[in-house]
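Below is one structure, written out as structure tokens, with a few remarks after it.
Computed from the coordinates by the stated procedures, all read-outs in this text should not be read as laboratory data. All figures in this text were calculated on a predicted structure; none of them were measured in a lab. Quick reminder, even Gly has a Cβ in these numbers, built from the backbone with ideal geometry, and neighbours come from all protein chains shown.
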Amino acid sequence: MNLETLNQFNKREFGRLFGLYVKRQKDLLNLTSDKIAEATGITLKEVKMIESGRKRLSQNEFETIVSVMQMDRGEILNLSKITHVENILNFLREINGFLQR
Amino acid sequence: MGSSKDKKLRNFIKDVGLPLNRAPEALGLSPLTFLDWWSGYRSRVIQKAQFVQLGQYLHINEDTILEGTYDKNFVRSILFSDDAVMPEKYTQNKFSYLRSSAHIFKYLTLKYGQHFSDMIARKLNVSPLIYSDLNNKISLNYFIDLLEILTDHGFKQSDLDQLSCVMFLSLGQTPQMLAEFSKARNYYDCYEVVAKNFKNLDNNFRIKTDLDRTCFKVTTFLDYDNHAHIDFSKRNVDKVLRYRLILAGWFPYLSNLAPSLPEYKVSYTSDGIHCDYTFNFPATESRHMHLVQNKDSLTD
């Protein structure tokens, strides 16, 4: 999965949603941030930043996290589509006062 | 018992969505003791006995909780099976399919977490498992109350608008409809799928459709007689109609085409509410209206 394509619509929001998904998986798999850091080779500080959506991932880091956290491809695609939808709605509101009251 | 077992139990509670007001009983603790532990005020509360009690409460082996090998769906079916009885107001004149709102709960879970979406379901007095069968029907009152509860929880109109746009989140649970939308290559094809599937989405409105290569016209009518139980306040009606308007305009997104709001007209008569929609197809639709250069990247 190409990260640049997935987060092209809103990098920040995609990062935030992805971080939420990482946290859900962390709970589901009974992992700690320490263990995630150990398994992925990413520093603990950065793992926590990923969980809170504050770190811009590289493609490599993204693939590693997805693999280690057993994340579902379809679900990640959904996160991207959500940012895409929000992007379009914001654009439509700006250009023609979309459904303004 | 140690902090690792505490953590495992917390994770379990969050993962399966065990309602916190039922947790004391499930764990064999007094409500105060449970609250002290849950809030982090007291530790060394959770013993082996709590896991045994929880296992018995949920009809599972307590070791599966410790090992993380429990069947989540089974646990949730046990937790929420007593919620199968629905409020009466949602069982009258059941003309809406749950399919038409399933994506909303999926969206709430992705954006705000399982506990939030379960909480919304509980506020509606319905089971969080309500969407296990999308062919089930429910009253339009359910949807009206859903929008109202989300508004009470701080959702602005712009947030509610987004709910209309994310139907793709649950379309996978209706594979045939998903396949038909995916195959559509232009607006005509897309709205042909919509026309064919109206009956699988909503039967509250009486619908007439007229589709040709330039536009798709839909005439809908919601009669008061068959919906006497619905609160037809202007606020409720406006919310529902706005949701439907945006939803209608976003069907093309399911076929990877740009969304486009229809022209619409609403009129209130003594016998009901008339809504007429006209979806004008762009003249050069096939080439310029696809959303991303690499179409395949969003169509998995």
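Relative to the current alpha-carbon distance between B:LYS234 and B:GLU192, full extension at 0.36 nm per residue lengthens the span by 12.0 nm.
Computed packing ranks the peptides B:117-128, A:22-33 as B:117-128, A:22-33, most packed first, by mean other Cβ atoms within 10 Å. The modelled label-to-label distance between B:ASP271 and B:SER4, using points 7 Å beyond Cα along the C-beta direction, is 7.2 nm.
Where only DSSP H runs of four or more residues are counted, chain A gives -22000 deg cm²/dmol as its mean residue ellipticity at 222 nm, each run worth -39500 (n - 2.57). Counting Cβ atoms of other protein chains within 10 Å of each residue's Cβ and taking the mean over peptide A:25-34 gives 3. Once the Cα atoms are used to define both axes, helix A:59-68 deviates from the longest principal axis of chain A by about 60 degrees. Relative to the longest principal axis of the Cα atoms of chain B, helix B:48-58 runs at roughly 40 degrees. Below 16 Å, Cα to Cα, which aspartates and glutamates can B:LYS123 reach? Residues fewer than 8 away in the same chain don't count. Candidates past the 8-residue exclusion: B:ASP82, B:ASP83, B:GLU88, B:ASP145, B:GLU148, B:ASP152.
For chain B, the longest principal axis of the Cα atoms and the long axis of helix B:140-152 meet at an angle of about 70 degrees. When the convex hull of its Cα atoms is viewed from all sides, the stretch A:39-81 shows a mean projected area of 3.1 nm².
When the C-alpha to C-alpha distance is required to be over 30 Å, the pairs from B:LYS106/B:LYS199; A:LYS55/B:LYS239; A:LYS26/B:LYS89; B:LYS89/B:LYS199; B:LYS5/B:LYS137 that qualify are A:LYS55/B:LYS239; A:LYS26/B:LYS89; B:LYS5/B:LYS137. Only alpha carbons enter this Debye calculation for the stretch B:3-81, each as an equal point scatterer, and the log10 of I(q)/I(0) it gives at q = 0.13 Å⁻¹ is -0.33. Working note: Cα atoms of chain A, range along each principal axis, descending, whole Å: 50, 24, 24.
Shown here is the pair-distance distribution of the stretch B:83-163: with all Cα-Cα distances grouped in 5 Å bins from zero up to the longest one, the shares run 3, 15, 27, 30, 16, 7, 1 percent. In deg cm²/dmol and to the nearest 500, what is the mean residue ellipticity at 222 nm of chain B if only DSSP H runs of at least 4 residues count, each as -39500 (n - 2.57), divided by the residue total? The per-residue figure over chain B is -13500 deg cm²/dmol. For chain B, taking the reciprocal of the average inverse distance between every pair of different Cα atoms yields a Kirkwood hydrodynamic radius of 21.7 Å.
The reciprocal of the average 1/r between distinct C-alpha atoms defines the Kirkwood hydrodynamic radius, which for the protein assembly as shown equals 23.3 Å. Distance between Cα centroids, the stretch B:105-151 to the stretch B:188-221: provide it in whole Å. Comparing the Cα centres of the stretch B:105-151 and the stretch B:188-221, I get a distance of 26 Å.
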